[in-house]
Amino acid sequence: MKDTIVFYPVPAIGHLVSMVELGKLILRHYNQRFSLTVLISGDFNSAAAIDPYIDHVSHTEPSITFHRFPALPKPPSLPPSPTPHPAVVFFESIRLNNPNLLHTLQTISETSSIAALVIDFMCNPAFPVANELNIPLYYYFPTGASFVALMLHIPNLHNQTNKSFRELGNTTVLHIPGLPPIRASQMGPNLLDRNNQVYNMFLDLGMLLLKSSGIIINTIEALEPKAIKAVRNQVPAIFCIGPLVAKPSDQSGAADCLSWLDKQPSRSVMFLCFGSRGVFSVKQIEEIAVGLERSGQRFLWVVKNPPPIEDKSRRLSSISIMDFDLEAVMPKGFLERTRDRGLVVKSWAPQVEVLNRESVGGFVTHCGWNSVLEAVCGGVPMVAWPLYAEQPLNQEVLVEEMRVALPMEAAEEDGFVVAAEVEKRVRMLIESEEGREISKRCREMKEKALSAWAEGGSSGTAFGELAESWNRG
Ligand code: UDP
């Protein structure tokens, strides 16, 4: 009888896709040994957005079994106001789902032996359930190894000071094994305040990582050698199996933009896209538009519906309306004036296909890790404009360590970026010597990314070791 591997992802597109890609690989290479079940917990705002993707995978990969937990009532322990941080709501939903998880794992165990429970790092509150059932638990990071290195070091940093990273601010430089020096203020919004619940959840994660059976990271040895080495020195087992990126056939989005791209000259178009949840205020959209217009460069820009409240610093949407009046949020006349060299797409574009088009010469990205890997696989240089989560750290690593991106400089207080900065970075990446250097490095990195999964490559080898560790368990 086959053993079962159980995946427990975050039900959000940026977390789910690479885990499913790992699942496809397992079934392709080891379908005689393992079957795969993917657990889907409902959280309170974003789970529905992944339904079309799950339907699509269920049809195209029928061996992947998706199992949905019943919907939860709103968690009673969270205060109704002020609105809790989305990460707090999510962690709480995972904790409340533990009885469902326990029941499901017990049910699977009646007919099959569970070789491993692989949880997204954000599903950390599920740790005690695996412990109780004595099931080997592996963490999955759809992020870079740099973020893992940071998580592992949080407990040490916590014990070294009584202050929050926010108080340590811009002047305190942190030295974390495997990372370039980073300022305390770059720790990412979730970690800035040590009294905050999210911070404490990540502190727990930092400690529990050491007790897991292994850590699986969607990265490649050649991309982050220092961070990977630092992680390897601290944890029982690490498996770098990237780059796992969405298949173009699994992505939706306005395909018209692809035929437009095919008509543009080689490496001439700047692609601007900010993940599944990055949004800007109307004021920020205006600055980007002015910057693009003044840069004189070609562009393809994916714009999401701005949040209803004109809040300059709000850059993460929980739900965004896909269809909206684009003209109304753009500066007057902009679309008309730039129509011969620019295209603005509403809400969503098929990003992997876009990044593999010959005409794309640069990518202004929010530094979400999937976007970073997709750019690396396309050999496309980046302008790094972090918006939320661990993205400020990714920016630092992309610019200082990997040297595959230029930084977008934003205002310290609210992250606002002025038109002149947009113009400068777009021009630099496409026109300057420095931009050409970065471009060259990205094309070299693409080759390394491809070779990680070629015969004898680092990721293929790590994947074999991972499957072997499941066999031993
Ligand atoms: N994506 C896309 N089209 C869009 C925006 C995003 O196909 O217009 C995909 C992108 O290719 C990537 C994922 O959504 O695979 C976003 O993941 P990432 O980690 O970059 O950011 P997140 O959405 O998690 O912040």
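Throughout, read-outs are computed from the coordinates displayed, never taken from laboratory work. The model shown is predicted, which means the values in this text are computed figures rather than measured ones. In this analysis, Cβ positions are derived from the backbone assuming ideal geometry, glycine residues included, and neighbour counts consider all displayed protein chains.
Eigenvalues of the Cα gyration tensor times 5, then square-rooted: what semi-axes does that give for segment 87-197, in whole angstrom, largest first?
Computed over segment 87-197, the values are 34, 15, 10 Å.
Would you mind putting 140-153, 14-27 in packing order, based on average other-beta-carbon counts within 10 Å, highest first?
Order by mean packing, descending: 140-153, 14-27.
Take the eigenvalues of the Cα gyration tensor for segment 258-408, scale each by 5, and report the square roots as semi-axes in whole Å, largest first. List each step's numbers first, then the result.
Details: eigenvalues 96, 82, 37 Å².
After scaling each eigenvalue by five and taking roots: 22, 20, 14 Å.
In Å and on Cα atoms, what radius of gyration and Dmax does segment 246-299 show?
Rg and Dmax of segment 246-299, Cα atoms, are 13.6, 36 Å.
Please express the shape of segment 170-306 as an equivalent ellipsoid: the semi-axes are the square roots of 5 times the eigenvalues of the C-alpha gyration tensor, given largest first in whole angstrom.
Taking √(5λ) for each eigenvalue gives 36, 23, 16 Å, largest first.
In terms of the ratio Rg/(2.2 N^0.38 Å) built on C-alpha atoms, what value belongs to segment 388-473?
On the way: Rg = 18.5 Å, N = 86, 2.2 N^0.38 = 12.0 Å.
With N residues counted in segment 388-473, Rg over 2.2 N^0.38 Å equals 1.55.
When the dipole is taken about the Cα centre of the chain, and only Lys, Arg (+1) and Asp, Glu (-1) are charged at their Cβ, what size is it in debye, to the nearest 20? Don't skip to the answer; put the middle values down first.
Numbers: 43 positive and 50 negative charges, 76 e Å.
Rounded to the nearest 20 debye, it is 360 debye.
Treating the angle as unsigned and between 0 and 90°, give the value, to the nearest 10°, between the Cα long axis of helix 98-111 and the longest Cα principal axis of the chain.
Approximately 60 degrees, to the nearest 10.
Starting from the Cα of LYS304, draw a straight line to each of the aspartates and glutamates and keep only those under 14 Å, dropping any in the same chain fewer than 8 residues away.
GLU286, ASP323, ASP325, GLU327
As a test of understanding, state the convex hull volume per residue of segment 1-158 from its alpha carbons, in Å³. Intermediate results must be reported in sequence, preceding the final value.
On the way: hull volume 21.1 nm³, N = 158.
Dividing the Cα hull volume of segment 1-158 by its residues yields 134 Å³.
Please arrange LYS440, LYS226, LYS424, LYS263 by how many other C-beta atoms lie within 10 Å of their C-beta, fewest to most.
Ranked by crowding around the Cβ, least crowded first: LYS263, LYS440, LYS226, LYS424.
What do you get for the angle between helix 13-30 and the principal long axis of the chain? Use alpha-carbon atoms, 0 to 90 degrees, nearest ten.
Approximately 50 degrees, to the nearest ten.
State, to one decimal in nm², a quarter of the convex hull surface area for the C-alpha atoms of segment 318-473, i.e. the direction-averaged projected area.
13.0
Read phi for every residue in segment 414-428 and hand back ³J(HN,Hα) as whole Hz from Karplus 6.51 cos²θ - 1.76 cosθ + 1.60, θ = phi - 60°, with x for Gly and Pro.
10, x, 6, 10, 8, 4, 4, 5, 4, 4, 4, 5, 5, 4, 4
What's the long-distance tail for the chain, i.e. % of Cα pairs beyond 37 Å? Write down the numbers at each step before the final one.
Details: 27182 of 111628 pairs.
Here the tail beyond 37 Å accounts for 24 percent of pairs.
State the answer as a single residue: which of LEU168, MET445, TYR53 lies farthest towards the positive end of the charge dipole of the chain, with beta carbon charges of +1 for Lys and Arg and -1 for Asp and Glu, about the Cα centre.
Highest projection toward the positive end goes to MET445.
Hey, what number do you get for the chain at 222 nm if only DSSP H runs of n ≥ 4 count, each worth -39500 (n - 2.57), divided across all residues, to the nearest 500?
-12500 deg cm²/dmol
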